Amino acid sequence: MEKALVLSSGGVDSTTCVAMAVERFGEKNVSTVSVFYGQKHSKELQCARAVAEYYHLNHYELDLSPVMEYSDCSLLEHSTKDIIHESYGEQLEKKGGSGIVETYVPFRNGLMMSSAAALAMSIYPDDTTHIYLGAHADDAAGNAYPDCSREFSETMGKAITLGTGGQVLVEAPLVNWNKAGVVKEGLRLKVPYELTWSCYEGGEKACGTCATCIDRLAAFRANGGEDPIEYQ
């Protein structure tokens with residue numbers, strides 16, 4: 001039998017992937033996994049749990065924070081850096097149009113995909129499992145997040161399939177879409193975006209000015225809709 005294990009951050013992209021997997025495989029054959037990697041707030045983990053509960057899915061949590069102990073990425077709770085409140089476009093312009101942004105967590109997607117592959121073989125030992133990764137084209141643009149590119153997900157996917165004897169497959173269904181396209185698909189699937197969180201800050205309301213908030217708001221506007229979460 002075929003199963004799906006969705007890497008769930010509780011945000012727009014991964015929650016859209018959850019809905020896509022449920023539509024394809026049915027909720028009884030889908031599980032979600034979220035990762036604590038030392039991030040500054042727990043909002044996204046709380047949202048991932050809420051999304052799993054909404055869809056009646058088994059949900060798993062992994063602690064990979066020791067790996068990031070030595071990183072000074074601004075998203076990490078021990079970082080000495082502040083989160084930049086500019087769009088990705090503005091940040092890339094300062095880098096000459098291309099370059100890794102301050103909120104890139106070192107090899108995070110590779111680490112999570114590898115861990116998810118091990119988890120998939122453990123919870124579904126007799127099934128073929130499709131790991132869903134919510135990377136999309138806007139994040140990969142300008143090499144801001146190099147582990148969000150189509151080339152990266154395809155290459156990691158090949159390694160994971162080889163390393164699991166063909167039992168685990170990687171899918172990145174959003175990898176050629178921009179954020180507006182992701183939200184469009186999510187609206188079709190009636191994704192509960194009111195349960196999600198994208199903001200890099202962990203306040204009561206989303207800040208509305210960090211790069212991921214800017215992208216999220218623009219994506220809903222592009223679809224003629226209003227983001228259902230509250231902003232400062």
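Taken together, the values in this text are just the output of simple stated rules run on the coordinates, not laboratory data. As the structure is a prediction and not an experimental result, all values here were calculated from the model. Here Cβ is always computed from backbone atoms with ideal geometry, including for glycine, and neighbour counts include all displayed protein chains.
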Notebook entry, point to check: For region 1-128, what is the largest minus smallest coordinate of the Cα atoms on each principal axis, given in angstrom and ordered from greatest to least?
Noted result: 48, 28, 24
Check: Regarding region 71-140, what are the three Cα extents along the principal axes, ordered largest first, in Å?
Finding: 50, 29, 15
Check: What are the lysines whose alpha-carbon lies under 29 Å from the alpha-carbon of Lys28, with same-chain residues fewer than 8 places away excluded?
Finding: Lys3, Lys43, Lys158, Lys179, Lys184, Lys190
Next item on the list: May I ask you to list the trypsin sites (Lys or Arg not before Pro) in region 40-83 that are in a DSSP loop and have at most 13 other Cβ atoms within 10 Å of their Cβ?
Entry: Lys81
Check: HN-Hα J couplings of region 194-205 from phi, Karplus 6.51/-1.76/1.60, θ = phi - 60°, integer Hz, Gly and Pro as x?
Finding: 5, 8, 9, 9, 10, 4, 6, 8, x, x, 5, 10
Next item on the list: For a quick protection proxy, order the peptides 59-65, 7-13 by their average other-Cβ count within 10 Å, most packed first.
Entry: 7-13, 59-65
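Would you mind giving the three semi-axes, in whole Å and largest first, of the ellipsoid equivalent to region 106-160 according to its Cα gyration tensor? Could the numbers behind the result be given before it?
Working: eigenvalues 113, 20, 15 Å².
Semi-axes, largest first: 24, 10, 9 Å.
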Next item on the list: Starting from the Cα coordinates of the chain, work out the convex hull volume and express it per residue in Å³.
Entry: 112 Å³
Next item on the list: For Lys81, go through the lysines and keep the ones whose alpha-carbon is under 16 Å away, minus same-chain ones fewer than eight residues off.
Entry: Lys40
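Restricting to DSSP loop positions (anything but H, G, I, E, B) with no more than 16 other Cβ atoms inside 10 Å of their own Cβ, which chymotrypsin sites (Phe, Trp or Tyr not before Pro) remain in region 104-201?
Working: sites: Tyr104, Phe107, Tyr132, Phe152, Trp177, Tyr193, Trp197, Tyr200; in loops: Tyr104, Phe107, Trp177, Trp197, Tyr200.
Hits after loop and neighbour filter: Phe107.
For the chain, what proportion of DSSP beta bridges, expressed in % and rounded to the nearest 5, is antiparallel? Walk me through the numbers before you get to the answer.
On the way: 1 of 21 bridges.
Percentage antiparallel, nearest 5: 5.
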Notebook entry, point to check: Between Thr155 and Asn223, what is the FRET efficiency for a Förster distance of 30 Å, r being their Cβ-Cβ separation, to the nearest 0.05?
Noted result: 0.40
Check: Under a 5 Å amide H to amide H cut-off, with H placed in plane at 1.01 Å, what residues pair with Val170 once short-range neighbours are removed?
Finding: Ile131
Checklist line | Compactness relative to 2.2 N^0.38 Å, alpha carbon Rg of region 112-208 | finding: 1.24
Check: Any idea which of Val67, Thr196, Leu133 is furthest toward the positive side of the dipole for the chain, if Lys and Arg beta-carbons carry +1 and Asp and Glu beta-carbons -1?
Finding: Leu133
Margin query: Just to be sure I understand: with springs between alpha-carbon atoms less than 10 Å apart, which residue in Val33, Val67, Val18 has the highest mean-square fluctuation in the Gaussian network model of the chain?
Written below: Val67
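Taking Cα atoms of region 183-232, Rg/Rh with Kirkwood Rh, to two decimals?
0.95
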